[in-house]
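K.L.:
Quick one: the structure is below, questions incoming.
Where a number appears in this text, it was derived from the coordinates with a stated rule and is not lab data. Just so we're clear, the structure is a prediction, and the values are computed from it rather than from any experiment. FYI the Cβ positions are ideal-geometry reconstructions off the backbone, even for glycines, and counts take in every protein chain you see.
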Amino acid sequence: MDGIDVLFVIGRVLAVFVLLLVVTILNVWLERKILADMQNRVGPDRAGPWGILQTVADGLKLFFKEQVTPRKVEYGLYILAPFLAVIPAFLMFMVVPFGRPITIGGRQVPLQGADLNIGLLFILAMSSIAVYAVVLAGWSSGSKYPLLGGVRATAQAISYEAAMGLAMVSVVMFSATAGPDGTLSLAAIVERQAGTYDVTIPFLQWADFIPRWNLWPQFVAFVIFLIAIVAETNRAPFDLVEAEQELVGGFHTEYSGMRFAMYFLAEYVNVFSMSAICATLFLGGWTGPTFDGQIPGLLSALLPFVWFLIKTYAIIFLFFWIRATLPRMRYDQLMQLGWKRLIPGALIWLMVSTVAIAFRQFGPPWS
Amino acid sequence: MGVLSEFFKGLRVTGRVLVDTVTGDGLVTTKYPEEFRHKPQRFHGRHVLNRYPDGMEKCIGCELCAGACPARCIYVRGADNPPDEPVSPGERFGYVYEINMLRCIFCGLCVEACPTEAITMSSLFEMSTWNREDAIYTRDELLMRPDGSVPHMFPDDPLARHKELETADGWLRATAPSGVAAYEGVPGWQGTPGRANWDPEPDQETRDA
């Protein structure tokens with residue numbers, strides 16, 4: 001590793017950072033616009049063309065606002081909490097590959113922040129740290145509504161993290177069958193979903209366009225994972241943590257100005273990261289038709305990134321759609337869904353796919 | 001499975017609304033400062049003091065409106081008409097006429113009380129002011145001009161919509177030139193200031209037949 005490699009690493013990290021900020025600006029506007037359309041409204045349309053600069057205006061406003069600090073706060077933790085929300089949100093996306101590795105001047109540059117061989121564990125760790133931000137904010141605010149929000153966040157995150165992890169395990173196990181060994185690296189998981197199924201059954205030959213995504217064999221895990229990430233990012237219908245009607249905004253009630261903006265940023269970065277992770281695990285990440293030789297070189301280098309964005313935004317759209325549709329769940333319903341449906345479901349699915357994989361690898365036990 | 005089917009039913013509703021709104025049929029809101037909604041015919045907006053088509057003021061300074069006002073927001077002081085240059089066809093005219101729009105509840109009782117239909121309500125509703133004194137509308141702002149248009153409280157304000165005020169009030173044409181009740185004017189309702197235009201009402205003969 002020489003100086004140029006270090007530069008490439010810095011460039012990659014910066015690229016991920018900028019990408020996340022840009023898509024966050026876009027996503028906030030997109031969510032408001034889609035929500036408006038789903039409620040027969042116009043939505044923001046004043047700042048810039050189609051109101052696309054609305055988020056920039058909102059951010060500027062928050063930037064110039066006073067950061068009110070209530071008297072009863074635990075000062076150190078109160079200041080720390082927003083940073084604990086933002087930093088893991090950005091770090092989580094660092095391990096997600098958002099394009100095919102490109103070659104610049106003979107050097108292989110993977111398009112992701114860092115190709116960790118423990119990528120999935122890293123994601124789980126970061127999403128757990130993000131819970132601390134909410135819990136600490138709730139506790140250190142010294143006010144009852146944030147405290148209630150923090151308590152809810154603890155229970156919610158623990159119950160849904162388990163289901164999310166179990167769904168991930170079955171994906172990892174399945175993807176181990178597609179390669180030489182098991183891996184937690186997201187880049188490897190994506191590469192093992194490349195290509196399409198080669199159908200051998202004669203009358204189903206027409207179906208050979210279906211990509212080798214984990215979505216088809218792991219559909220149950222996909223559904224569980226999707227529900228879990230909606231809960232994990234504290235979005236409707238699982239937004240009990242920041243329920244405006246009951247908790248006056250929940251854990252961020254006592255935050256204002258840029259400190260509030262950091263929570264806001266973290267939430268939307270989390271939505272994008274989690275959707276990207278979902279697309280990576282189940283929808284084949286950046287893989288897709290390459291049109292080899294039919295399009296110029298630069299475009300074909302960009303194409304995987306476009307596939308990645310399309311898949312990610314499909315899931316983000318689902319997030320918005322669900323938010324516009326479902327009312328918030330009650331607390332006991334949330335717990336019941338988590339502990340009585342999702343976790344047993346994920347466990348059963350784990351066993352089913354274990355048996356299926358074992359059958360495929362070793363043959364039936366009676367032979 | 002009941003929950004799942006309900007879930008997809010809900011998604012279908014919001015999805016359909018999304019398609020409706022994007023294609024332009026479902027939109028129910030308007031971009032207010034640029035687009036105006038059609039106001040109903042009996043909208044209770046800002047008051048207007050009317051004139052007869054010959055330019056005479058209808059108000060005779062009888063103070064019945066002030067007496068009828070439940071909010072006590074109207075102040076009228078009548079004065080005798082100058083004999084050589086009468087302001088109104090009657091004996092007296094509204095020398096001072098003030099309405100405090102902050103107290104007004106827009107009930108319309110003053111309109112009902114008025115014997116000469118001098119005070120009516122237009123469809124204008126943008127009456128925000130920078131201070132409380134400006135909310136008191138005097139004769140200068142209430143009385144329509146001889147052409148039927150209505151003065152604006154802040155004519156130089158960039159937010160003033162002068163086009164809104166140009167529509168002459170329907171009362172100007174519908175009543176007698178000198179307040180004779182038997183007179184049947186031309187039934188040409190052309191709306192009131194505040195961009196509220198509606199179809200002409202039939203004249204009395206058509207209506208009674």
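K.L.:
Could we say that A:Arg71 is within 14 Å of chain B (Cβ to nearest Cβ), outside any helix (DSSP H, G or I) and not polar (S, T, N, Q) here?
P.N.:
no
K.L.:
Could you please find all residues in the range A:303-319 being without any contact (Cβ under 8 Å) to a residue 40 or more places away in the chain and surrounded by fewer than 17 Cβ atoms within 10 Å (Cβ to Cβ)?
P.N.:
A:Val306, A:Ile310, A:Ala314
K.L.:
So which of A:Ile322, A:Ile295 is part of a loop (DSSP other than H, G, I, E, B) and surrounded by fewer than 24 Cβ atoms within 10 Å (Cβ to Cβ)?
P.N.:
A:Ile295
K.L.:
Check whether at least one residue in the range A:103-125 is crowded, with 20+ Cβ neighbours inside 10 Å, farther than 27 Å from A:Lys311 by Cβ and of a type outside the set (Lys, Arg), and report yes or no.
P.N.:
Within the range A:103-125, not a single residue is crowded, with 20+ Cβ neighbours inside 10 Å, farther than 27 Å from A:Lys311 by Cβ and of a type outside the set (Lys, Arg).
K.L.:
With respect to B:Phe7, is the statement that it is closer than 28 Å to B:Arg139 by Cα and either surrounded by 13 or more Cβ atoms within 10 Å (Cβ to Cβ) or more than 27 Å from the chain's Cα centre (by Cα) (or both) true? Reasoning before the result, please.
P.N.:
On the way: closer than 28 Å to B:Arg139 by Cα: no; either surrounded by 13 or more Cβ atoms within 10 Å (Cβ to Cβ) or more than 27 Å from the chain's Cα centre (by Cα) (or both): yes.
Spelling it out, it is not the case that B:Phe7 is closer than 28 Å to B:Arg139 by Cα and either surrounded by 13 or more Cβ atoms within 10 Å (Cβ to Cβ) or more than 27 Å from the chain's Cα centre (by Cα) (or both).
K.L.:
A follow-up question, please. Residue under question is A:Ile102, and the condition is that it be under 30 Å from A:Val248 (Cα atoms) and in contact with a helix residue (DSSP H, G or I) (Cβ under 9 Å, 6 or more places away or on another chain); does it hold?
P.N.:
Answer is no for this residue.
K.L.:
Next up: Which of the residues that make up the range A:30-46 are touching a residue at least 12 places away in the same chain (Cβ under 8 Å) and either basic (Lys, Arg) or within 9 Å of chain B (Cβ to nearest Cβ) (or both)?
P.N.:
A:Arg32, A:Lys33, A:Ile34, A:Met38, A:Gln39
K.L.:
Got a sec? Which helices (runs of 4 or more DSSP H) wholly within the range A:107-218 have at least 2 residues that are farther than 29 Å from A:Thr287 by Cβ and touching a Pro at 6+ places or on another chain (Cβ under 6 Å)?
P.N.:
Where helices (runs of 4 or more DSSP H) fall fully within the range A:107-218 and carry at least 2 residues being farther than 29 Å from A:Thr287 by Cβ and touching a Pro at 6+ places or on another chain (Cβ under 6 Å), they are A:119-140.
K.L.:
When the residues of the range B:15-38 are filtered to those that are of a type in the set (D, E, K, R) and either exposed (fewer than 15 other Cβ atoms within 10 Å of the Cβ) or on the phi > 0 side of the Ramachandran plot (or both), which remaining residue is nearest to the other protein chains (Cβ to nearest Cβ)? Walk me through it before giving the result.
P.N.:
Applying the first criterion (of a type in the set (D, E, K, R)) to the range B:15-38 yields B:16, B:20, B:25, B:31, B:34-35, B:37.
If we keep only those that are either exposed (fewer than 15 other Cβ atoms within 10 Å of the Cβ) or on the phi > 0 side of the Ramachandran plot (or both) as well, we get B:16, B:25, B:31, B:34-35, B:37.
On the way: B:Arg16: 9, B:Asp25: 10, B:Lys31: 6, B:Glu34: 11, B:Glu35: 10, B:Arg37: 14 Å.
Top of the filtered list is B:Lys31.
K.L.:
Looking at the range A:48-68 only, could you name the residues that are surrounded by fewer than 16 Cβ atoms within 10 Å (Cβ to Cβ) and more than 14 Å from chain B (Cβ to nearest Cβ)?
P.N.:
Scanning the range A:48-68 gives A:Gly48, A:Pro49, A:Val56, A:Ala57, A:Leu60, A:Lys61, A:Phe63, A:Phe64, A:Lys65, A:Glu66, A:Gln67, A:Val68.
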